[in-house]
Amino acid sequence: MSIGKKIVPWFEKHKRTLPFRKQIPDPYEVWISEMMLQQTQVDTVIDYFNRFITLFPDIQTLANASQHHVLKAWEGLGYYARARNLHQAAKMMM
């Protein structure tokens, strides 16, 4: 039996409920979570993710925010280039 056939049932049984793991994924939330999860533990990201999505619920809100506001919301996650790049990318998409 291949590893894929073993791991998928295991994952379905043991996966954690996470605010960014939904039945129908929101691309914006997936993007934010992926940026936050780079070199940061999931347990650390959850509260930051929830707060960030409350402050910036969509890409337009993020793009229109000041860099200071975005960095303040990111404060404590480290690797601030991620936040600056995320903000810049949101502006480019709008």
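Any read-out appearing in this document is the output of simple, stated calculations on the displayed coordinates, not a laboratory observation. All figures in this text were calculated on a predicted structure; none of them were measured in a lab. Every residue, glycine as well, gets a Cβ built from its backbone with ideal geometry; the counts of neighbours run over all protein chains shown.
What to note about this one:
- Highest-MSF residue in the chain out of 60, 23, 38 [GNM, Cα springs under 10 Å]: 23
- When the chain is described by a simple charge dipole with +1 on each Lys and Arg Cβ and -1 on each Asp and Glu Cβ, the residue from 55, 33, 87 located farthest towards its positive end is 33.
- Cut-off 13 Å between beta-carbons: net charge of the residues surrounding residue 36, Lys and Arg +1, Asp and Glu -1: -3
- Excluding same-chain neighbours fewer than eight residues apart, the lysines reachable from residue 72 by a Cα-Cα span under 18 Å are 91.
- Rg(Cα) / (2.2 N^0.38 Å) computed for the chain, rounded to two decimals: 1.24
- Net dipole in debye of region 3-93 [+1 Lys, Arg Cβ; -1 Asp, Glu Cβ; about Cα centre; nearest 20]: 320 debye
- Highest mean packing first, where packing is the average number of other Cβ atoms within 10 Å per residue, the peptides 9-21, 45-57 line up as 45-57, 9-21.
- The chain, helix-only ellipticity at 222 nm - DSSP H runs n ≥ 4, -39,500 (n - 2.57), divided by all residues, nearest 500: -20500 deg cm²/dmol
- Region 3-93: relative contact order as a whole-number percent, Cα under 8 Å and 6+ apart: 25 percent
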